[in-house]
Structure formats: C-alpha cells, structure tokens
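To start, the structure itself, in structure tokens.
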Amino acid sequence: MKIIKADYKIITFNPEEDVRDICLGYSTCYNVELPKTWNKRCDYIRKHRNHESQLEHSRLTVLFTINRGVSHEQVRHRHCSFGQQSTRYCDYSNSRFDNQLTFIDDISMANNAESYNEWLHSLDEIEKSYLKRLALGDKAEQARGILPNDLATKLLVTTNYREWRNIFKLRCDGYAHYQMREVMIPLFKEVRDTLPCVFDDISIE
C-alpha cells in the first residue's frame, strides 16, 4: 500500500498563442484592428473579458493525481474533455502499479492520529481483499467493486479559459471540498500569475 499527496501537472498552456487568438476574437466582433504587442493584447482582454465567449479561443490541459471522490466532482463540468485511469482495465496487482494500491493522503486528519491510523488500517484491509480476489481468479472489473473513493486516480482535463474560470470560481471557493481545494487553489494561483489578464479578477479568499 502506498500513500501519496494529491498533485497536478500542467500539460498544455500556451498563453502567447491564446492571447493572440482571444484578441482576434474580440477584434473580429468589434471590427477593430488586432492589438500588436503582448501588453496591449493583455490590456484589451482585461477590458473586454466580461464578454466571455471569446475566451473560448484557448486551451489549458492539466493532469491531476487525486482521489476518485474528487474526480467524480471534477467530471461534472460539462464543457471539458476528460481522460481517467480505469479501475476496470487497470490490474493493480501487476508490476505497472508496484503490485499494490495507491491512495491519496487525507489532509483533514493531520491532527487526529487515532482516526488517521484507523483510516490506514481500513485501506490495508481493502488492499488485502482486492489482491486476494485477483489471486483467486477474479478480473479487475470484478474486484474493483470494493475500491474506495480514496483510491488514487489520474484525471486529464482539457478545456478553454472560459470554463477554467468557472471551475476555479466553484472549486477554489470555501464551500468546495477540502481535497478539491488542495489541488485547485495552487493550480489557480499558477495560472493566474502566468496570465493575469484572464484570471486576476477571480477572488478565492
């Protein structure tokens, strides 16, 4: 059994190209000349970004390592493309997965050792049962029924800046699940600091 931290990795993010294309959208709508420099284009986007449809001329792809509970929330966003690690086809008893299950650490129990140890014990029992069923001849698609939401999964998410703005507003909010905020807040800060003209009007306080 392995316990890891939730994480993310930005796969595709081309601010210069996207800023050009977004500005091209605005200049087409308003029949004005396309701004020539990076700074002027950023200023133009900041001025018009409430006209959000033109922010769709963009792309950001992120690979998340999260638990399956958080992934179930993330895939509810309609205007995204997703690719997710499949518990039906992934046999965690083989060498590709180090012959063990991997779970996402639960940061909420940092100050409750007794509860954390009980959590670890329950995961250990699940792993033993899962691996035993596979050894007895069950397929991965059968044995997966006992796998919990804390199981680690890979989730690839691609969508445009308009939808990312919506995702950040919902998933960085104080009412969002703490394990969702664990990955979304640092992602938001990285994206915002790289491309403030698109994202710096979003507050996560």
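Structure values in brief
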{"quantity": "Top-ranked residue of the range 185-202 - restricted to ones that are open to solvent by 50 Å² or more (accessible area, probe 1.4 Å) and in a loop (DSSP other than H, G, I, E, B), ranked as farthest from Tyr8 (Cα to Cα)", "calculated": "Asp201"}
{"quantity": "Unmet requirement for Ala143, which otherwise passes all of (1) open to solvent by less than 50 Å² (accessible area, probe 1.4 Å); (2) out of contact with any Phe, Trp or Tyr (no Cβ under 7 Å at 6 or more places or on another chain); (3) farther than 17 Å from Lys2 by Cβ; (4) not in a strand (DSSP E or B)", "calculated": "(2)"}
{"quantity": "Answer residue from the range 127-140, given it is surrounded by fewer than 12 Cβ atoms within 10 Å (Cβ to Cβ) and hydrophobic (A, V, I, L, M, F, W, C) and is nearest to Thr65 (Cα to Cα) among those", "calculated": "Ala135"}
{"quantity": "Members of the range 70-103 found to be open to solvent by less than 20 Å² (accessible area, probe 1.4 Å), farther than 16 Å from Gln179 by Cβ and of a type in the set (Phe, Trp, Tyr), listed by number", "calculated": "Tyr92"}
{"quantity": "Qualifying residue in the range 72-95 (condition: closer than 23 Å to Asp173 by Cα, among the β-branched types (Val, Ile, Thr) and modelled with pLDDT of 95 or more)", "calculated": "yes"}
{"quantity": "Scan of the range 47-68 for residues that are under 13 Å from Asp150 (Cα atoms) and part of a strand (DSSP E or B), ordered by number", "calculated": "Thr65, Ile66, Asn67"}
{"quantity": "Test for Asp43: is it in contact (Cβ under 8 Å) with a residue 60 or more places away in the chain, among the charged types (D, E, K, R), in a helix (DSSP H, G or I) and over 30 Å from Pro148 (Cβ atoms)", "calculated": "yes"}
{"quantity": "The range 149-184: number of residues that are of a type in the set (Lys, Arg), open to solvent by 60 Å² or more (accessible area, probe 1.4 Å) and within 12 Å of the chain's Cα centre (by Cα)", "calculated": "2"}
{"quantity": "Matching entry among Ser71, Ser86 (being of a type in the set (S, T, N, Q) and either more than 30 Å from Val191 (Cβ to Cβ) or not in a loop (DSSP other than H, G, I, E, B) (or both))", "calculated": "Ser71"}
{"quantity": "Sole residue being free of Cβ contacts under 8 Å to residues at least 12 places away in the same chain and over 30 Å from Glu141 (Cβ atoms), chosen from Glu17, Glu52, Glu56", "calculated": "Glu17"}
{"quantity": "The lone exception for Asp18 - which of (1) modelled with pLDDT of 95 or more; (2) under 14 Å from Cys197 (Cβ atoms); (3) more than 21 Å from the chain's Cα centre (by Cα); (4) not aliphatic (A, V, I, L, M) it fails", "calculated": "(3)"}
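The values are calculated or read from the model by the stated rules, or taken from the named source; none is laboratory data. Everything numeric here is computed off the predicted structure, so don't read it as measured data. All Cβ positions, even for glycine, are placed from backbone atoms using ideal geometry, and neighbour counts span all protein chains on display. For accessibility, only protein heavy atoms count, side chains too; no ligands or nucleic acids. Shrake-Rupley method; radii C 1.70, N 1.55, O 1.52, S 1.80 Å.
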